[in-house]
Amino acid sequence: MRNLFSSFRLLSLLALALSLSAVSPAAAQAQQPTAAGLWQKVEDGKTVGWFLFIDHNGVFEGVIAKTFPRPGDDPNEICAKCTDDRKNAPVLGLSFIRDMKRDGLKYEGGNVINPRDGNIWKAKMSVSPDGQTLTMRGFLGISLFGKDETWTRLPDANIAQVDPAIVAKYLPAQAVAATKPPAPAAKKGGAMMMAPAPKQ
């Protein structure tokens, strides 16, 4: 009889361990930093661009969120040499990285477009374990023949410096929240008191 209960206990523990191991990869991915957010590219000590990454249920898209034109650059540059749906689209707000599928800290299967010449390269990315740097590699054919760019994460508050039209297009829920007026103040017992914000 004791052996029977020992077997049941062992089977129960084994079933529990299997169920936990089945859940933990997803839980681990949820706890890892993600590429979603705002990133900054710096060249020669100068900021050249901000990129906004959006998570579409595990598939990530990168958008040119802010440009820092140098003297002589066209501030209203368009993707004149693009040949797909981005042809003649403004570079500011351009969806330039697409189809990045997340696997933990790595993102693969995507592509990146060069707005200057319209060329589309295969791409992959990785986020550092601390979530503060993102390395994007564009390549032709195999990854060996490519180039890395490393960007740094910007604080979430910097989204306020991004063109509101870009925020409205790619982060509509955040745009709506930003445009809601503050709750009116209500008087209670002669003292001013803020009314609670409406529940969403």
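What follows is calculated from the coordinates using simple rules that are stated; it is not laboratory data. Source: prediction; values computed, not measured. Positions of Cβ are generated from backbone atoms using ideal geometry, with glycine treated the same way; all protein chains shown enter the neighbour counts.
Label reach from Asp84 (point 7 Å along Cα→C-beta): in segment 102-119, amide nitrogens under 11 Å belong to 110-114, 119. Beyond 22 Å in Cα-Cα separation lie the following of the pairs Lys122/Lys169; Lys122/Lys147; Lys66/Lys101; Lys87/Lys147: Lys122/Lys169; Lys66/Lys101; Lys87/Lys147. Label separation (Thr133 vs Glu108): 2.2 nm, computed from points 7 Å beyond Cα along the C-beta direction.
Scalar couplings 3J(HN,Hα) for segment 117-123, obtained by applying the Karplus form with A = 6.51, B = -1.76, C = 1.60 to θ = phi - 60°, are 10, x, 5, 10, 10, 5, 8 Hz; x denotes Gly and Pro.
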